[in-house]
Amino acid sequence: MEKELLELLEKVCEDSIVKEDLDVELFESDLLDSLGFAELLAEIELTFGVFISPSEIERSEINTPNKIIAMIKARS
Amino acid sequence: MNFFEGYAFFLVLIVLLIPAIIMGYFEKSLKLYSFGISIVFVIIIFSKNWIQLLYLILYFILQLSIAAGYLYLRKKYGRNQKLYHIFLILTILPLVLCKLETLIHINIFGFVGISYLTFKNVQIIIEIYDGVIKELAVFEYASFILFFPTLSSGPIDRSRRFHDDWVRVCKREEYLKQCADGIQKILVGIIYKVILAACFFRLMEFLMADKSWYCIIGYAYMYGFYLFFDFAGYSLMAVGTSYILGIRTPDNFKFPFISKDITDFWNRWHISLSHWFRDFVFSRFIMTCMKKKWFNTRLQKASFGFIVNMFIMGMWHGLTPSYLLYGIYHGVLLALTEIYQKKSKFHMKYKNSKGYKFVSWFITIQLVMFGFFIFSGRLLEIIK
């Protein structure tokens with residue numbers, strides 16, 4: 001699952017740094033914006049069947065690759 | 001009497017806030033008291049026009065029934081899209097009827113605050129559909145919807161964020177600090193609205209009399225500053241009052257005139273509105289596009305998303321040509337910004353240099369001011 005998610009994240013962020021540094025801050029370092037965030041949530045739902053509502057979470061809860069992995073694990 | 005206007009309002013406000021501060025100081029829950037004040041203000045302010053008060057009561061009962069009914073059916077039938085769409089339309093219907101007034105000249109559901117209350121109700125329906133809201137307590141719902149500081153013009157709070165503050169009783173020290181912050185916000189808000197906005201309004205009126213091009217340009221800028229100080233002042237007073245009642249309503253403005261591009265501007269101007277649209281319109285539009293594979297490229301999808309998003313925002317302001325044009329204008333600007341920043345090598349190379357940032361800021365401010373000029377209705381007036 002982790003590998004698949006990191007592939008997804010690389011595609012959405014268009015940068016391979018997200019695979020190397022799993023604690024990189026995604027919003028502050030301009031890797032994710034509103035568009036990328038929505039795309040990521042849709043991809044997570046399509047690939048893992050895990051639905052995360054865009055208004056449900058604070059961005060600070062999902063701002064690094066590690067936090068996203070943890071959230072999907074907790075919900076699947 | 002109107003919200004945050006005139007001596008009478010502030011006099012009543014001070015008298016009613018003093019017991020709240022005393023209760024906060026003794027670490028008592030403010031739930032019941034702040035609901036009581038909300039009802040007092042609703043009665044005082046709406047009773048000068050009984051039809052408005054009647055509409056508000058009717059609207060409240062209607063929306064509560066819609067939300068409670070949908071929650072019941074959502075639990076029974078799960079994430080059913082058809083049901084969701086029906087209830088979403090029902091929730092928005094009163095606002096649509098109200099906004100149609102400009103076209104059909106019949107006033108239905110025309111009462112102060114309906115535009116802002118609709119945001120609160122729509123988000124509840126969407127979050128019930130998402131499974132994020134699982135229960136609806138009537139007293140809390142009423143406290144959230146009728147919370148008087150934000151009733152007429154926002155900032156737009158979220159029900160779950162509101163809930164966290166609503167159930168929490170602050171420790172004395174924390175409450176006093178929050179209360180002091182609140183009073184400071186109210187005072188700055190008064191300076192913004194009563195002094196600065198009033199000054200710019202005067203200049204605006206002065207420049208409006210002349211139809212020469214330089215006066216029209218001057219008018220556009222004065223209107224922009226007037227709009228900011230008037231609305232930011234109002235928002236500060238609303239947020240400050242909320243703080244004193246233990247609710248940390250989110251801020252609405254963050255130095256919009258230093259924005260480095262249009263995207264940045266919408267993170268600084270009327271933030272609670274633009275973030276509401278981001279979370280409940282834009283994100284969901286993009287997610288639907290992805291699932292249904294409507295567009296081939298990211299940029300097409302993003303551009304379309306921005307334009308749809310801002311057009312709906314324009315419609316929400318009112319169904320007049322100026323507001324609709326204002327929405328499309330900002331939608332197109334956001335789309336162009338996205339395309340430019342993703343495609344331009346020049347942008348990628350120089351985006352961190354000082355000169356580039358300065359030029360980018362300068363252009364942004366001119367575009368923003370032109371947007372306000374459309375918003376003011378004067379552009380279309382002059383073209384006619």
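The values are calculated or read from the model by the stated rules, or taken from the named source; none is laboratory data. Because the structure is a prediction, the values reported are computed rather than measured. Reconstructed Cβ throughout: ideal geometry from the backbone, glycine too, with neighbour counts over all protein chains shown. Just so you know, the surface numbers come from the protein's heavy atoms only, side chains and all, with ligands and any DNA or RNA stripped out. Shrake-Rupley method; radii C 1.70, N 1.55, O 1.52, S 1.80 Å.
So here's what we get for this one:
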item: Ranked by how many other beta carbons lie within 10 Å on average, peptides B:274-282, A:68-76 from highest; result: B:274-282, A:68-76
item: Test item: B:275-285 mean partner chain Cβ contacts at 10 Å; result: 4
item: Span-like helix ranges in chain B, DSSP H, alpha carbon extent 24 angstrom or more, Kyte mean at least -1.0; result: B:6-25, B:50-77, B:81-99, B:172-190, B:213-244, B:298-317, B:321-343, B:354-375
item: Summed buried accessible surface, chains A and B, 1.4 Å probe, nearest 100 Å²; result: 1800 Å²
item: Relative contact order of the range B:172-244, pairs being alpha-carbon contacts under 8 Å that are 6 or more residues apart, as %; result: 54 percent
item: Estimated 222 nm signal from helices in chain B, with DSSP H stretches of n ≥ 4 weighted -39500 (n - 2.57), rounded to 500; result: -24000 deg cm²/dmol
item: Cross-link pairs beyond the 21 Å C-alpha cut-off, checked among A:Lys67/B:Lys260; B:Lys82/B:Lys134; B:Lys82/B:Lys292; A:Lys11/B:Lys293; B:Lys291/B:Lys343; result: A:Lys67/B:Lys260; B:Lys291/B:Lys343
item: Check: the range B:172-244 dipole with +1 on Lys, Arg Cβ and -1 on Asp, Glu Cβ, in debye; result: 40 debye
item: Within the range B:257-383: Cβ-based charge dipole about Cα centre, in debye rounded to nearest 20 (Lys, Arg +1; Asp, Glu -1); result: 740 debye
item: Anisotropy class of the range B:272-361 from Cα gyration tensor, a/c 1.5 cut; result: oblate
item: Accessible area expressed per residue, chain B, with surrounding protein chains retained (probe 1.4 Å, Å²); result: 49 Å²
item: Accessible-area composition of the protein assembly as shown, carbon plus sulfur, in percent [1.4 Å probe]; result: 66 percent
item: Residue-normalised accessible area of the range A:2-75, given per residue in Å² at a 1.4 Å probe; result: 45 Å²
item: Interface residues, the range B:119-151 - accessible area loss of 30 Å² or more versus chain alone, probe 1.4 Å; result: B:Asp130, B:Val132
item: Overall form of the range B:78-216 per C-alpha gyration tensor (a/c, 1.5; a/b vs b/c); result: oblate
item: Partner chain coverage, peptide B:297-305 - average Cβ within 10 angstrom; result: 2
item: Cα gyration tensor, the range B:1-154 - rounded (a/c under 1.5), prolate or oblate; result: oblate
item: Aspartates and glutamates whose Cα lies under 16 Å from that of B:Lys48, excluding same-chain neighbours fewer than 8 positions away; result: B:Glu5
item: Burial order of peptide ranges B:144-151, B:290-297, B:175-182 (average beta-carbon count within 10 Å, highest first); result: B:144-151, B:175-182, B:290-297
